[in-house]
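Derivation of every value follows stated rules applied to the coordinates shown; laboratory data play no part. As the structure is a computational prediction, the values presented were derived from the model and not from experiment. Note that each Cβ is placed from the backbone with ideal geometry, even for glycine, and that neighbours are counted across all protein chains shown.
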Amino acid sequence: MAKRVPPLSATKLAKFKPDAVNAIFIAVIIILLGLFTTTRTFLYFRDYSIIYDGASRILLNQKPYIDFGLPTGPVVFWLSAFFLKIFNGYWVGLYVAQYFFNIIMLLGVSGIYQKLKLNDSIFKISTLGFSIFYLAFQSHPWYNSTAVMFMFLALFFILTENKYLVGLAGITSALALGSKQDIGLMVLVSSIILIGLTPKLVRVKLFYCFITGFSLILFSFIYSYDLKNLTYWLNFGQHGSFRSPFHNQPSFLTLIALISCFYGFLKKDKIFFVCGAITGMGAVSINTSGLYFTHYYYLAGVLPIFLYLMKKSIIKSIFFGIIILIIIRPTLPSNYFLVSNLLNNYPEHYLFNANFNSADVDSSDMKKCDRRLIKVWAPSDTCQLISDVKDLISKNIIPRNGNILNLSELRVLKSLIGYRVPKGHPLWYDETISLYPKEISLIKHQLESGVFDLILFQGKDLPSSGSWIADFIGSEMAKKYTLKKYLSPSDLTDCTFDSQCPQNIWLMYKK
């Protein structure tokens, strides 16, 4: 006879029900984010193509900092390379990668909220707000959002107060640093302080586990890449002025973060410290670099703080509710544009606003010239460029496996035609970021030696003077190349607010 299972007590049911409901709530958000991802198409964007280019170089067994220079950490390129490998080089692999990262961020944030013991309504509103005002905007892997993903994981692991998971927090903190320097350093500091808020009996052990995990990844970086090559990542010797993270700070957010962290540290209240730390990291990273919407993660900290304060009284609810609306306000136009794009079936501008799309440029889905670029839109002329280059290869006018110097934004071309970038070139051909004199000297020598079968550069007109590429165009070697002009993807996305349009792509190939 089967043993009878006793019914759950009312206390056990009460304890089980919120966790089960929250799990269903999170699952519904994950499904909705997935459905939203499948409905979107995108206009070709230079910065996302650089992520694609860096990941594809890794798939060709090139190493960041050794074979090509990077002004950021390598982690986002490793992860993107993994997904591009799975999807056989299709751009859609980047969408899937970011959807996967969004799920991890959502689970990390909800896990933090559960460890902070937020009440049910604050948990749901904060989680939903984070999804709408941050996750909905993240469509492609990006160094800021990748660092943020590891930041949420690190904070969650520390809040468990489990020595093994805190060791993982050290690893994820190092990976955050290896994704983006500014966010990673703030994650490291916040993590150490948070460990300091744990009970004295376990504090030293947790700190030891954290440092062990962090050091493991840090020393792996140094061993794999060689310390002198990491100056690219640290940006030592970068041209241009130094951007202080304390210059032009969004003072309101910074003030909220400082008060919350200070109060949380004094009172050993982890809700205020953790949420204040998240807010503070967002306040600082807004002013360093990256697309504006990749910094909206500060809402994961702001919302619980003020929702918690609102429950005190009706007057406080009104007052703090107004503050929440003021803080959320900058995100609302982007949310509106996302909904508008969805309803009107518009390809998505990288700043979301379809009004930025040039009405004077004919555009099409780039799958017409290469299936790997399905759901990516660009000027039809850009697609024609890709088709023309493939035609040159098929007619043996240029070699099938040649060398390319691509100074344009069409950075996917190398992978589409199977060309190589010589080792020693930076990923960003930008003299204000990572194109140093030694790289310029190398490229000039290669130009003079006729190393490149294809050369692409970008600008309204042909460079006439004052730059090393202009010197080459005026040289005898340039006469060995045929020159053609095409519209660039920027001519579709940037001409409504850029007086330098058109930003033509100039194609040179050996006669």
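Brief remarks follow.
- Of the beta bridges in the chain, as assigned by DSSP with both residues counted there, near 60 percent are antiparallel.
- Candidate lysines - alpha carbon under 17 Å from Lys267, same-chain residues fewer than 8 apart omitted: Lys117, Lys200
- Cross-link pairs exceeding 29 Å between alpha carbons, from the set Lys115/Lys311; Lys375/Lys444; Lys368/Lys480; Lys390/Lys423: Lys375/Lys444; Lys368/Lys480.
- For region 275-419, the Kirkwood hydrodynamic radius from C-alpha pairs, put into Stokes-Einstein at 37 °C and a viscosity of 0.692 mPa s, yields a diffusion coefficient of 170 µm² per second.
- Free-standing Cys, the chain [no other Cys Cβ under 4.7 Å]: Cys209, Cys261, Cys275
- Potential lengthening of the chain between Leu343 and Leu442 amounts to 30.7 nm, from the contour at 0.36 nm per residue minus the alpha-carbon distance.
- Judged by the mean number of other Cβ atoms found within 10 Å, the most tightly packed of the peptides 360-366, 184-190, 35-41 leads the ranking 184-190, 360-366, 35-41.
- Summed over qualifying helices (DSSP H, 4 residues or more, each -39500 (n - 2.57)) and divided by its residue number, the chain shows a 222 nm mean residue ellipticity of -18500 deg cm²/dmol.
- Scattering profile of region 269-345 at q = 0.22, 0.26, 0.27 Å⁻¹ [log10 I(q)/I(0), Debye over alpha-carbon scatterers]: -1.02, -1.15, -1.19
- Listed by Cβ neighbour count within 10 Å, with the fewest neighbours leading, Glu348, Glu476, Glu448 appear as Glu476, Glu448, Glu348.
- Spin-label model, Leu185/Lys268: points 7 Å from Cα along the beta carbon direction are separated by 3.1 nm.
- Ordered by the number of other Cβ atoms lying within 10 Å of each residue's own Cβ, fewest first, Tyr90, Tyr298 fall into the sequence Tyr90, Tyr298.
- Taking 0.36 nm per residue of separation and subtracting the current Cα-Cα distance, fully stretching the chain between Ile259 and Tyr292 would add 9.5 nm.
- Full extension of the segment from Ser220 to Lys367, taken as 0.36 nm per residue of separation minus the current Cα-Cα distance, would add 49.0 nm.
- Cα shape, region 19-112, gyration tensor, a/c 1.5 rule: prolate
- The coefficient of translational diffusion for region 20-62, derived via Stokes-Einstein from the alpha carbon Kirkwood radius under 10 °C and 1.306 mPa s, stands at 120 µm²/s.
- Identified option (computed volume of the Cα convex hull per residue in Å³; candidates (1) 196; (2) 158; (3) 147): (1)
- Karplus-derived 3J(HN,Hα) values for region 437-447, using 6.51 cos²θ - 1.76 cosθ + 1.60 with θ = phi - 60°, are x, 5, 6, 4, 4, 4, 5, 4, 5, 5, 5 Hz; glycine and proline are entered as x.
- Cα pair distances exceeding 14 angstrom across region 86-149, given as percent: 60 percent
- Region 363-510 - Kirkwood radius from inverse mean 1/r over Cα pairs (Å): 16.0 Å
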